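Below is one structure, written out as structure tokens; comments come after it.
The values are calculated or read from the model by the stated rules, or taken from the named source; none is laboratory data. Just so it is clear, the structure is predicted and the values come from calculations on it, not from any experiment. Neighbour counts run over all protein chains shown; Cβ positions are idealised from the backbone, glycine included. Just so you know, the surface numbers come from the protein's heavy atoms only, side chains and all, with ligands and any DNA or RNA stripped out. Shrake-Rupley method; radii C 1.70, N 1.55, O 1.52, S 1.80 Å.
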Amino acid sequence: MDIRHLELLRDLRERGSLAAVAAATHRTPSALSQQLRTAQRVAGTPLVEPHGRGLRLTEAGELLADGADEVAAAIARVDSRLSEHRGRPTGRVSVAGLPSGLTALLPGALVLLSDSDVELSIDDLDLAEHDYARAAADADIVVAHSLTSEVPVGSEGLVATVLTREPLDVAVPPDHPLAARATLRPEDVVDEPWICVPEHYPFDTVLQRIEATCARPLHRRLRIRDNHLVAALVAAGEGLALLPRYTTRSADEFALVPLVDVPSARWIVALSRPDRAERALLQKS
């Protein structure tokens, strides 16, 4: 079977519809439909079936979609050996990920690659945890984070490399009584107003742990994605917040106090599809 047929099935599983695959790969839905019909004729069995207004893979389609990564990874390994034979790798690596993680990693990566022939393209993404794995369909490397385990939700089947583990501290306004504390416990902060992330974003997991420990809800005053805006509001005395210890750049404007008695740290992880992880360029990067 043609590797392009396998990749189409994998892309259809990842993106959910031929229209979404067409948009992502700059092809027309009609061309993809023709390719899908050819794949089914070659396979001799149905590979998709109607599901709602779209399509889903049959058991045979799932089997072949799984095989796409295996075949593509094998090809990438051979290509990687050829790149080593020719000399140092050249080309473009696309990196996407959470802004705070890229803040910690990107400057050093650019320095390391400054004398190489590897070019980086960057896309900053502020997403819910389970959406980072989906981004690996479009980027060579996705920098994600998780507060529940080393492998972010939904990233099963991807190659995951833990880059660092970063504590999340309580950001406290400078004139607040809690700012002088060496550590803070859930009972110290449960009755304070909080500036929070949107629902389902990883940092909210820690706040849920505080609520579970104290058996009462927090006052979530605002829900905001951007850490820089959160930091500005804390500095202005608008509430407490969780901010990452190593990548919060304006910590001189407020106190960062460690939270104890509940897990309060995140893993920053690089995710790649197996075939892309085998590329010599990614190993260089």
Could you list the square roots of 5 times each eigenvalue of the Cα gyration tensor of segment 180-235, that is, the equivalent ellipsoid semi-axes, sorted largest first and rounded to whole Å?
19, 15, 10
Measuring from label point to label point, each 7 Å out along Cα→Cβ, what is the Asp66 to Arg220 span in nm?
3.7 nm
Percent of Cα-Cα pairs more than 14 Å apart in segment 1-77, please.
58 percent
For the chain, the fraction of alpha-carbon pairs in successive 5 Å shells from zero, as %
1, 5, 10, 13, 14, 12, 11, 10, 8, 7, 5, 3, 1, 0, 0
Provide the packing ranking of 141-148, 48-55, 190-197, i.e. peptides ordered by the mean count of other C-beta atoms within 10 Å per residue, highest first.
141-148, 190-197, 48-55
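For segment 153-255, run through the GluC sites (Glu not before Pro) and keep only the ones in DSSP coil with at most 13 other Cβ atoms within 10 Å of their Cβ. Numbers along the way, then the final one.
Working: sites: Glu156, Glu187, Glu199, Glu211, Glu238, Glu253; in loops: Glu156, Glu199, Glu238.
The qualifying sites are Glu156, Glu199.
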At a Förster radius of 22 Å, what calculated FRET efficiency corresponds to the Cβ-Cβ distance of Arg4 and Arg56, to the nearest 0.05?
0.65
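Taking N as the number of residues in segment 10-162, what value does Rg over Cα atoms divided by 2.2 N^0.38 Å take? Don't skip to the end; give the middle numbers.
On the way: Rg = 18.2 Å, N = 153, 2.2 N^0.38 = 14.9 Å.
This ratio for segment 10-162 stands at 1.22.
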Along segment 155-168, what does the Karplus equation 6.51 cos²θ - 1.76 cosθ + 1.60 (θ = phi - 60°) give for ³J(HN,Hα), rounded to whole Hz, x for Gly and Pro?
9, 4, x, 9, 7, 10, 10, 6, 8, 6, 10, 10, x, 10
Please list, in chain and number order, the residues 5+ apart from Leu120 or on another chain whose amide H is under 5 Å from its amide H, with Hs placed from the backbone.
Val93
Accessible area (Å², per residue) of the chain, counting only protein heavy atoms and a probe of 1.4 Å:
51 Å²
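Any idea what the alpha-carbon Rg over 2.2 N^0.38 Å comes to for segment 143-285? Please list the in-between numbers first.
Numbers: Rg = 16.7 Å, N = 143, 2.2 N^0.38 = 14.5 Å.
Normalised Cα radius of gyration, segment 143-285: 1.15.
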At a 1.4 Å probe radius, carbon and sulfur cover how many percent of the accessible area of segment 1-160?
54 percent
Can you list the residues, at least 5 places off or on another chain, whose amide H is less than 5 Å from the amide H of Arg223, using H built in the peptide plane?
Cys196
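In what sequence, highest mean first, do 23-31, 61-69 appear when ranked by Cβ atoms within 10 angstrom? Working shown, then result.
On the way: 23-31: 11.8, 61-69: 18.6.
Going by the mean number of other Cβ atoms within 10 Å, highest first, we get 61-69, 23-31.
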All-pairs Cα distance distribution in segment 217-266, expressed in whole percent, bin size 5 Å:
4, 18, 30, 26, 18, 4
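Using a cut-off of 9 Å between beta-carbons, work out the net charge of the residues near Arg134 (Lys and Arg +1, Asp and Glu -1, Arg134 not included).
Numbers: positive: Arg15; negative: Glu14, Asp131, Asp138.
Here the count lands on -2.
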Can you tell me the orientation of helix 29-43 relative to the chain, as the angle in degrees between its alpha-carbon axis and the longest Cα principal axis, to the nearest 10?
60 degrees
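Taking 0.36 nm per intervening residue step and subtracting the Cα-Cα distance, what contour gain separates Asp138 from Glu211 on full extension? Don't jump to the answer; show the numbers that get you there.
Working: separation 73, 0.36 × 73 = 26.28 nm, distance 3.69 nm.
Between Asp138 and Glu211, full extension yields an extra 22.6 nm.
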Provide the per-residue ³J(HN,Hα) series for segment 189-202, in order, calculated from phi with Karplus coefficients 6.51, -1.76, 1.60 and θ = phi - 60°, each as a whole number of Hz, with x at glycine and proline positions.
10, 5, 9, 8, x, 10, 9, 10, 7, x, 4, 6, 7, x
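Just the number: Rg to Rh for segment 1-43, Cα atoms, Kirkwood Rh, two decimals. If you can, show how the numbers build up before the last one.
Working: Rg = 9.5 Å, Rh = 10.1 Å.
Ratio of gyration radius to Kirkwood radius for segment 1-43: 0.93.
Calculate what fraction, in whole %, of the accessible area of segment 186-279 sits on carbon and sulfur atoms when a 1.4 Å probe is rolled over the protein chains. Mind showing how you got there, number by number?
Values: 1980 of 4170 Å².
Percent of accessible area from carbon and sulfur atoms in segment 186-279: 47.
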In nm, the gap between the two label points placed 7 Å beyond Cα toward Cβ at Glu49 and Ala74 is 2.9 nm
Per 0.36 nm of contour for each residue apart, how much would the distance between His26 and Ala179 grow if the chain were fully extended, relative to their Cα-Cα spacing?
49.8 nm
